[in-house]
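Structure first, then comments.
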Amino acid sequence: MRIDFHFNVEHRLHYACRYVRRARAADCRVLLFSRDPDRLARLDAALWTFSALDFVPHAYLDSPLAARTPVLLAASLDSAAAPPGALLINLDDEVPAELPSLSDRFERLVEIVSRDDDDRRHARERFRSYRDAGFELQSHDLGAQ
């Protein structure tokens with residue numbers, strides 16, 4: 001599994017919405033993860049409102065519509081309902097506890113890091129954890145654009 005860090009983004013959730021839109025244009029299934037229910041609720045609202053011209057069909061992983069929905073929001077990665085081969089976007093502050101099994105379930109993991117000092121500190125810890133676990137890491141500095 002490849003892990004991409006997109007850092008120096010202006011707003012983490014808005015960037016996640018734009019990234020999901022691009023992934024869907026490439027026909028990718030996406031799972032957005034955070035243990036924080038408030039963050040997931042804000043993301044859910046943002047996916048409805050980030051663009052007046054785009055609609056990103058999405059549902060929570062435990063929804064009856066999840067099997068037919070290409071973009072899923074999840075507070076846990078335990079579920080067998082997570083689509084195999086999907087793109088995982090980690091919006092949590094920590095590395096998912098299920099890290100050892102993620103390579104079997106996801107082709108790629110994306111970390112989105114804003115310019116916020118706390119967000120950057122958490123991201124550095126996640127980066128070290130992934131590197132120490134032997135994952136291939138790619139960094140994309142969006143502040144340089």
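The values are calculated or read from the model by the stated rules, or taken from the named source; none is laboratory data. This one's a predicted model, so the numbers in the text were calculated from it and none came from an experiment. No Cβ is skipped: glycine too gets one built from the backbone with ideal geometry, and neighbour counts run over all protein chains shown. The accessibility values were calculated without ligands, DNA or RNA, using every heavy atom of the protein model including side chains. Shrake-Rupley method; radii C 1.70, N 1.55, O 1.52, S 1.80 Å.
Summary table
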read-out	value
Scan of the stretch 1-28 for residues that are part of a loop (DSSP other than H, G, I, E, B), open to solvent by less than 80 Å² (accessible area, probe 1.4 Å) and in contact (Cβ under 8 Å) with a residue 40 or more places away in the chain, ordered by number	M1, C28
Verdict on A86 being closer than 21 Å to L43 by Cβ, open to solvent by less than 10 Å² (accessible area, probe 1.4 Å) and either charged (D, E, K, R) or free of Cβ contacts under 8 Å to residues at least 60 places away in the same chain (or both)	yes
Long-range neighbours under 8 Å by Cβ, at least six apart or interchain, first residue without any contact (Cβ under 8 Å) to a residue 24 or more places away in the chain within the stretch 116-134, second among the hydrophobic types (A, V, I, L, M, F, W, C)	R131/L137
A97 vs. criteria surrounded by fewer than 18 Cβ atoms within 10 Å (Cβ to Cβ), part of a loop (DSSP other than H, G, I, E, B) and hydrophobic (A, V, I, L, M, F, W, C)	yes
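Listed here are the residues, each with its yes/no results for (1) more than 23 Å from V9 (Cα to Cα); (2) in a helix (DSSP H, G or I).
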| residue | (1), (2) |
| --- | --- |
| D92 | no, no |
| S101 | yes, yes |
| D104 | yes, yes |
| V110 | no, no |
| S129 | no, yes |
| G134 | yes, no |
| H140 | no, no |
